[in-house]
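Where a number appears in this text, it was derived from the coordinates with a stated rule and is not lab data. Note that the structure is a prediction, hence the values are computed from the model and not measured. Every residue, glycine among them, receives a Cβ derived from its backbone with ideal geometry; neighbour counts consider all protein chains shown.
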Amino acid sequence: MDVSRFSNRYRVRRLGENDIEKIYALCVGNELYYKFCPPFVTRQSIAEDMKALPPKKQAADKYYLGFFDGEELIAVMDLIMGFPDEKTAFIGFFMTDASVQNAGIGSRIISGLCSALRDMGVAHIRLGWVKSNPQAEHFWRKNGFRMTGATSNTDRYTVVVAQRDL
Ligand SMILES: CC(C)(COP(=O)(O)OP(=O)(O)OC[C@H]1O[C@@H](n2cnc3c(N)ncnc32)[C@H](O)[C@@H]1OP(=O)(O)O)[C@@H](O)C(=O)NCCC(=O)NCCS
């Protein structure tokens, strides 16, 4: 899959171990997120997330992506193709750099992603936000995601499942 299609404004590429320092710097600026979704980020947790897969998925289905403005990493996204079913893509994580937030960049990235995935034949995008995280809920609702009614519980928080049809 040609991930450069995901944005006509930002350079998009798969991230690897050499990018962990940059990803860590982006993540540590987002304290609110980790308040709702603990534990707080570490370089080790990033390395694990880069490899983590949902049930029955292979490494080839996973795109742990960076969006770059010039050389600067401005957003990170964990995208799983074909999960939980063939016609659905799943966003496991999406975060923008705190220094560029509230300027429409996150929405622009999601809008570009949605049109590229639609062109590839994907019918739905699914994701979850931690219940009561006002920033995440506001952002995903504003970007057309609707709660499916499903939730899942971890021992520390509840995840609300939401979906956008493309
Ligand atoms: C959610 C996130 C990706 C949005 O990125 P962004 O580049 O700021 O996106 P936009 O500028 O397009 O939209 C931000 C919206 O969130 C709103 N917002 C920001 N902080 C908020 C808060 N604490 N409570 C409620 N809404 C908030 C902004 O007002 C804006 O909405 P508006 O245009 O209606 O005013 C970014 O805030 C982030 O990375 N947060 C931490 C990680 C996270 O929560 N990711 C999503 C869950 S996986």
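Side notes on the structure shown:
- Most mobile listed residue (ASN153, ASN133, ASN143) in the chain, GNM with C-alpha springs under 10 Å: ASN153
- Calculated P(r) tail over 26 Å for the chain, as whole % of Cα pairs: 22 percent
- Cross-link pairs beyond the 23 Å C-alpha cut-off, checked among LYS22/LYS87; LYS57/LYS87; LYS35/LYS131; LYS62/LYS87; LYS22/LYS131; LYS22/LYS62: LYS22/LYS87; LYS22/LYS131
- In this Cβ point-charge picture (+1 for Lys and Arg, -1 for Asp and Glu), the chain has a dipole of about 460 debye about its Cα centre.
- Cα-based equivalent ellipsoid of the stretch 78-127: semi-axis lengths in Å, sorted from largest, via gyration tensor: 23, 12, 6
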